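The values are calculated or read from the model by the stated rules, or taken from the named source; none is laboratory data. These numbers were taken from a predicted model, which means no experiment stands behind them. As a convention, Cβ positions derive from the backbone with ideal geometry for all residues, glycine included, and neighbour counts pool all protein chains shown. Calculation scope for accessible area: heavy atoms of the full protein, side chains included, ligands and nucleic acids excluded. Shrake-Rupley method; radii C 1.70, N 1.55, O 1.52, S 1.80 Å.
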Amino acid sequence: MPKKEKKAKTSLSDEEQLLLFQQKLLAEEEMAKKKERLLSQFLKDKLAKEEHNSALNLNKINTQWRTVLREVKTRELHKDIEILSQTFERVVDCKDNVIKSLAKDLSEAEEQYARALRSHLHNVDQLLALQRHRLSLLEESYNMELEALTKEFETERKTIIDQHEKEIHYLQDIFMAMEQNYIDSEYESKLEFQSMWNDLKNMNLEEKHFLRLHLENIVEDLWRKFQDVLKNYTDATEDRKAAFETLQVKDEKSSKEIEVQMKKIQKLQDAITISKGKIMIHSRESEDENRYIRNDKELVLVQLRKLKAQRTQARAASQKNLVKLTLESNATLKALRKIVDKGEKILKLAEICRKFETEEEKVLPFYSSVLTPKEQEGIEENNLEELTEELAKVMVDYTGMENFWKRYNKVKLEQLSLQHRRAQLLDINGKLREMLKQYLDGISVSDEVLSQLNPLFIVNYQSNLPQPLSIPIAHPGSTSPPAPWRDQRRSFFLGSS
């Protein structure tokens with residue numbers, strides 16, 4: 001019994017030492033963290049001060065550099081101003097010479113204009129004399145033709161009056177029929193008009209009321225603007241008004257001359273009316289010819305309608321083809337855009353992957369095949385037997401992608417090997433975690449650990465594991481305890497240490 005009490009005391013002192021050691025470690029870790037925080041804060045403050053000083057120094061350098069640049073720029077501007085002043089004086093001298101030459105040309109042009117005016121007036125007097133002589137000759141010929149035309153007119157007048165009476169009777173019959181149709185259509189249109197009129201009246205009243213308010217505001221603004229414009233116009237047109245009065249006097253003189261000429265024109269118009277009568281006779285004769293032409297025109301119109309129908313059918317077919325073509329082109333454009341986006345994405349990924357390549361991959365990007373020459377020949381023979389012409393053509397088109405597929409397969413294999421290695425490491429990590437958990441559960445003492453089976457927990461040389469039924473027997477004369485008890489004691493001391 002006294003031996004057991006001593007062993008319990010020694011075990012408690014060891015546990016206390018462990019706790020004190022753990023507390024010291026925790027205190028040292030907290031002190032180290034505090035020192036790291038203080039050091040990082042000191043470095044941050046120092047960095048902020050350095051940034052502030054660098055910004056101030058940059059501002060000072062910029063201000064001094066700007067002053068230097070301004071002095072250089074002022075010198076350049078003074079030189080440019082001197083050059084521009086010299087050029088300006090040269091240009092002014094050139095312009096003065098041009099103005100003098102233009103003044104000489106203007107005086108010469110005025111002299112030429114006076115000469116041309118005199119010659120023009122002389123020519124006008126000659127033309128007036130010729131015109132008067134020509135008019136006298138025309139008057140004599142007009143009187144001769146007038147007598148002949150009067151005789152023809154009387155004969156034609158009788159024939160025209162007879163034909164006119166016949167046409168009047170025909171038109172009266174047509175007028176009666178038209179009047180009857182008009183009465184019927186008028187009644188129907190009156191009913192429609194009355195209904196439409198009522199609707200429009202209501203709409204117009206609403207719009208009128210709205211427009212009246214809107215227009216009153218517009219009219220007031222326009223009246224003010226008009227008054228301002230009128231004042232400006234009266235001020236600006238005083239000189240023109242005086243010129244207009246002089247021109248009005250000239251216009252009265254020219255109007256009298258025009259009246260004289262109009263009388264002569266009236267006589268000529270009478271001659272024109274007589275000739276129009278002759279034209280009417282010829283037009284009636286040409287009506288028969290026009291009828292034949294109309295018949296031909298109708299036949300041509302029938303053929304034209306057929307051609308138009310054929311054209312519309314062809315246009316509809318071409319429009320369908322065009323719609324189909326546009327849809328197919330839009331689909332192809334979308335597919336091509338997807339391919340382009342995919343290619344851009346692949347190129348971006350290639351650029352990103354290029355950064356992560358090793359030196360060996362940069363030097364030798366395309367690995368050599370692992371297969372032997374015989375194995376490669378056998379694979380090629382198998383592929384040639386299975387391939388068709390279409391597949392061969394497609395493969396020829398994609399021969400440039402062999403290097404890409406080599407790199408892709410290499411990356412895929414590395415990815416699969418890394419995934420397999422990751423699974424193995426995760427399995428090993430899980431096993432190590434379980435072993436560490438068992439070890440920590442054996443070291444720590446808590447209600448959860450005591451409730452579970454623990455081979456390291458031994459009290460009074462007894463474990464909470466189930467004991468076998470066979471009990472070891474000690475030899476007489478031996479003072480040492482049995483073997484299992486020795487093992488349990490050793491395991492307890494190992495767990496406490």
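Quick notes on this one:
- Residue check for I274: touching a residue at least 40 places away in the same chain (Cβ under 8 Å) and either in contact with a Leu (Cβ under 6 Å, 6 or more places away or on another chain) or hydrophobic (A, V, I, L, M, F, W, C) (or both): yes
- Residue in the range 155-172 that is among the charged types (D, E, K, R), under 28 Å from K276 (Cβ atoms) and in contact (Cβ under 8 Å) with a residue 12 or more places away in the chain present: yes
- The set of residues in the range 260-278 being open to solvent by 100 Å² or more (accessible area, probe 1.4 Å) and within 24 Å of T155 (Cα to Cα) consists of K267, L268, K276.
- Selection count where residues are of a type in the set (V, I, T) and under 60 Å from the mean Cα position of the chain (by Cα), scope the range 239-288: 0
- The residues of the range 114-128 that are open to solvent by 60 Å² or more (accessible area, probe 1.4 Å) and among the hydrophobic types (A, V, I, L, M, F, W, C), listed by number, are L117, L121, L127, L128.
So that you can scan it fast, the table gives a plain yes or no per residue for (1) open to solvent by less than 80 Å² (accessible area, probe 1.4 Å); (2) small (G, A, S); (3) over 30 Å from G277 (Cβ atoms); (4) free of Cβ contacts under 8 Å to residues at least 24 places away in the same chain:
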| site | (1), (2), (3), (4) |
| --- | --- |
| R70 | no, no, yes, yes |
| V92 | yes, no, yes, yes |
| Q112 | no, no, yes, yes |
| Y142 | yes, no, no, no |
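- Index of the failed condition, L304 passing every other in (1) touching a residue at least 24 places away in the same chain (Cβ under 8 Å); (2) open to solvent by less than 80 Å² (accessible area, probe 1.4 Å); (3) not small (G, A, S): (1)
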